[in-house]
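> Below is a structure I'd like to ask you about.
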């Protein structure tokens with residue numbers, strides 16, 4: 001029954017992007033775990049072994065909307081809004097990646113038990129958060145899929161040419177700013193920015209209440225991954241602006257640390273490859289995870 005509700009398009013022919021998101025949300029089990037004075041909000045679909053999906057910065061669970069129907073056929077998918085993003089509460093200050101990871105690991109323990117093994121995938125900022133969660137999860141973590149993991153390069157690369165939508169007042173100008181920014185930083189170009197992506201971005205961005213770039217700037221993700229013994233695969237779209245930095249820094253950041261990271265390439269996809277090339281990404285991630293079940 002759940003697959004029938006989730007299937008049929010993004011959005012379906014007879015629904016708006018808003019109705020599409022609502023359809024997914026209505027089909028989810030909603031769970032709450034502690035986060036400071038509030039909660040982390042979790043959306044859960046499917047049965048089977050648990051698979052944790054972590055979204056990107058200025059995002060929410062909707063970053064994974066095109067992957068949820070496919071992956072939930074095999075796994076019980078847990079998709080939280082990270083602390084201070086989406087509908088989740090702001091965590092206590094000072095904000096740190098260790099603190100975020102502790103909140104998320106405690107929440108995961110509440111939902112699946114402290115000894116249950118699981119898979120994990122992180123998109124962009126979610127890959128950094130997941131890297132720090134992996135330390136606490138230890139041998140419980142079967143696999144870790146990292147999509148567009150910019151901090152594997154050991155540096156933070158600024159994207160030029162973005163429009164500051166917060167300075168705008170006209171609603172149409174704000175939407176066009178989101179469209180422009182998606183084409184610059186999330187997709188391979190403006191031609192592939194669709195209405196659903198635009199709708200989710202316009203809903204997610206204003207709810208970002210933590211400045212991840214402030215506390216993540218001090219972190220080196222490869223150093224965190226050295227402390228994890230899990231199977232890791234990094235997925236990169238060839239049109240992802242961070243991909244060249246990953247290739248150029250691979251020997252210094254990955255090889256020199258003795259890390260064993262498998263790399264999968266998605267030709268022509270941008271940073272948000274799980275959305276832009278969802279069919280290919282779904283197949284690749286499922287093959288990787290099931291090979292280590």
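> Residue pairs, Cβ under 7 Å, 6 or more apart or interchain, first in the stretch 191-213 and free of Cβ contacts under 8 Å to residues at least 40 places away in the same chain, second crowded, with 17+ Cβ neighbours inside 10 Å and outside any helix (DSSP H, G or I). List them.
Pairs that qualify, where the first residue is free of Cβ contacts under 8 Å to residues at least 40 places away in the same chain and the partner is crowded, with 17+ Cβ neighbours inside 10 Å and outside any helix (DSSP H, G or I), are 193/187.
Okay, residues lined up against (1) touching a helix residue (DSSP H, G or I) at 6+ places or on another chain (Cβ under 6 Å); (2) closer than 25 Å to residue 265 by Cβ; (3) without any contact (Cβ under 8 Å) to a residue 24 or more places away in the chain:
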site	(1), (2), (3)
113	no, no, yes
119	yes, yes, no
124	no, yes, no
127	no, yes, no
132	yes, no, no
136	yes, no, no
140	no, no, no
147	yes, yes, no
152	yes, yes, no
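> Checking residue 260 against (1) loosely packed, with under 14 Cβ neighbours inside 10 Å; (2) at pLDDT 95 or above, which test does it fail?
(2)
> Now a separate question. Can you tell me which residue is surrounded by the fewest Cβ atoms within 10 Å (Cβ to Cβ) among those in the stretch 263-278 that are farther than 18 Å from residue 61 by Cα and without any contact (Cβ under 8 Å) to a residue 60 or more places away in the chain?
Going residue by residue through the stretch 263-278, those that are farther than 18 Å from residue 61 by Cα are 263-270.
Okay, now just the ones that are also without any contact (Cβ under 8 Å) to a residue 60 or more places away in the chain, so 263-267.
Numbers: 263: 15, 264: 17, 265: 16, 266: 21, 267: 9.
Looking at residues that are farther than 18 Å from residue 61 by Cα and without any contact (Cβ under 8 Å) to a residue 60 or more places away in the chain, I get 267.
> Shifting gears a bit: Filter the stretch 254-290 down to the residues that are outside any helix (DSSP H, G or I) and over 24 Å from residue 224 (Cα atoms) and list them by number.
If we filter the stretch 254-290 for residues that are outside any helix (DSSP H, G or I), which is where we start, we get 254, 258-272, 277.
Answer for the stretch 254-290, where residues must be outside any helix (DSSP H, G or I) and over 24 Å from residue 224 (Cα atoms): 266, 267, 268, 269, 270, 277.
> Tally the residues that are in contact with a strand residue (DSSP E or B) (Cβ under 6 Å, 6 or more places away or on another chain) and farther than 15 Å from residue 123 by Cα, restricting the search to the stretch 247-264. Break it down stepwise before answering.
Residues of the stretch 247-264 that are in contact with a strand residue (DSSP E or B) (Cβ under 6 Å, 6 or more places away or on another chain), as a first pass: 254, 261-264.
Applying the additional criterion that residues be farther than 15 Å from residue 123 by Cα yields 254, 261-262.
Residues flagged as in contact with a strand residue (DSSP E or B) (Cβ under 6 Å, 6 or more places away or on another chain) and farther than 15 Å from residue 123 by Cα within the stretch 247-264 amount to 3.
> What number of residues in the stretch 154-179 are at pLDDT 90 or above, under 20 Å from residue 59 (Cβ atoms) and in contact with a helix residue (DSSP H, G or I) (Cβ under 7 Å, 6 or more places away or on another chain)?
8
> With the checklist (1) modelled with pLDDT of 95 or more; (2) more than 19 Å from the chain's Cα centre (by Cα) in hand, flag the one item residue 7 doesn't pass.
Here residue 7 meets the rest and fails (1).
> In the list 75, 32, which residue meets the criterion of being without any contact (Cβ under 8 Å) to a residue 12 or more places away in the chain, closer than 19 Å to residue 133 by Cβ and touching a strand residue (DSSP E or B) at 6+ places or on another chain (Cβ under 7 Å)?
Selected residue: 32, the only one of 75, 32 that is without any contact (Cβ under 8 Å) to a residue 12 or more places away in the chain, closer than 19 Å to residue 133 by Cβ and touching a strand residue (DSSP E or B) at 6+ places or on another chain (Cβ under 7 Å).
The values are calculated or read from the model by the stated rules, or taken from the named source; none is laboratory data. Remember, predicted model here, so these are calculated numbers, not experimental data. Virtual Cβ from ideal backbone geometry, glycine too; neighbours counted across all protein chains shown.
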